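What follows is a single structure, written as structure tokens, with notes after it.
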Amino acid sequence: MPFFGGGGASATGTPPDIKIYTASDTWNKPAGARIVEVLLIGGGGGGGSGRRGAAGTLRCGGGGGAGAGFVLAQIPADRLSSSETVTVGAGGDGAASTADDTNGGNGTAGGNTTFSYFSALGATFGAGGTDTTVGSGGAGNSNRVSAFGSNGNPPAGGNGGSATQAASGGNSNGSPTGGGGGGGLTTSDGATIAGSGGALGASWGQISGGAGAYAQGGSGSSAGAMYAGTGGGGGRWNASGAIGGNAGNYGAGGGGGGGALNGGASNKGGDGGDGIAVITTFF
């Protein structure tokens with residue numbers, strides 16, 4: 001349903017026309033359009049993978065991907081063309097599992113979601129963990145345009161772990177949240193705790209992100225507020241692997257993969273959530 005109150009009162013009694021796009025397409029302006037409400041969410045960032053190495057070495061976890069930018073705005077219909085291109089940004093891929101004695105790889109950034117001259121930026125990726133440094137979480141891009149007057153950045157991804165616990169993804173109160181960092185393996189071969197995906201705030205029922213976990217971090221929720229998803233949890237190493245959890249749709253960050261032992265199972269980063277565009281026309 002529409003999110004602004006001002007456009008919701010139809011002057012003609014005609015129900016609003018709501019178009020939801022999960023893939024790129026063309027929007028055609030309906031006859032008699034008065035106000036157009038635009039909700040855009042970019043693609044979430046993919047999580048980095050962790051360092052894979054020999055026992056007794058430091059193997060840091062990958063960082064979680066950031067949550068994407070979003071736009072929520074209204075515009076008089078006569079300022080739009082008769083048709084407008086809708087581009088929906090894809091979520092970034094999580095980094096592939098690493099080879100033996102190799103530092104973790106970076107995830108990929110999410111794509112932008114655009115409509116007319118509005119653009120919700122895709123999120124930045126989580127970096128790979130190394131034998132000395134944790135993978136940094138993706139930084140939040142600086143576009144949050146909404147009915148709530150939010151300034152600041154979308155939530156960042158969590159940093160990966162080393163000899164200490166990995167960070168959780170950034171929380172929000174309506175925008176997609178960041179993925180949790182992957183746990184590391186210490187020089188004494190202890191597995192540090194992975195970070196959880198960020199949560200949506202109390203205004204939306206405190207929807208939790210994916211949990212950090214052994215083998216595979218939990219997937220983020222796709223049932224968030226205003227179509228926003230929550231981030232995937234980071235992976236924490238055991239014999240079954242250390243895979244970062246995939247983000248929930250829409251626009252959330254993937255979890256970071258954990259540090260891993262040579263010859264072990266997968267420690268890839270989690271995938272970011274795809275974007276979405278919702279165009280509501282009032283008459």
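The values are calculated or read from the model by the stated rules, or taken from the named source; none is laboratory data. This is a predicted model, so every value here is computed, not measured. As a convention, Cβ positions derive from the backbone with ideal geometry for all residues, glycine included, and neighbour counts pool all protein chains shown. SASA here: full protein model, heavy atoms, side chains in, ligands and nucleic acids out. Shrake-Rupley method; radii C 1.70, N 1.55, O 1.52, S 1.80 Å.
Taking R79, is it farther than 27 Å from N238 by Cα and of a type in the set (K, R)? Yes: the conditions hold for R79. The selection criterion, being at positive phi, at pLDDT 95 or above, open to solvent by less than 60 Å² (accessible area, probe 1.4 Å) and of a type outside the set (S, T, Y), holds for G56.
Answer with yes or no whether I41 is more than 21 Å from the chain's Cα centre (by Cα) and among the aliphatic types (A, V, I, L, M). Answer is no for this residue. Cβ-Cβ distances below 7 Å connect the following pairs, each with a first residue in the stretch 6-29 that is over 16 Å from F283 (Cβ atoms), a second residue that is open to solvent by 80 Å² or more (accessible area, probe 1.4 Å) and modelled with pLDDT of 85 or more, and a separation of six or more residues or different chains: T26/T85. The residue of the stretch 223-232 that is least open to solvent (accessible area, probe 1.4 Å), among those that are over 11 Å from the mean Cα position of the chain (by Cα) and not aliphatic (A, V, I, L, M), is G224.
In the stretch 72-87, the condition of being closer than 30 Å to G245 by Cα and at pLDDT below 95 is met by at least one residue. Looking at this structure, is S208 within 19 Å of the chain's Cα centre (by Cα), open to solvent by 10 Å² or more (accessible area, probe 1.4 Å) and at pLDDT 95 or above? No; evaluated as a whole, the condition is false for this residue.
The residue that is modelled with the lowest pLDDT, counting only those in the stretch 116-140 that are within 22 Å of I41 (Cα to Cα) and surrounded by fewer than 24 Cβ atoms within 10 Å (Cβ to Cβ), is A139.
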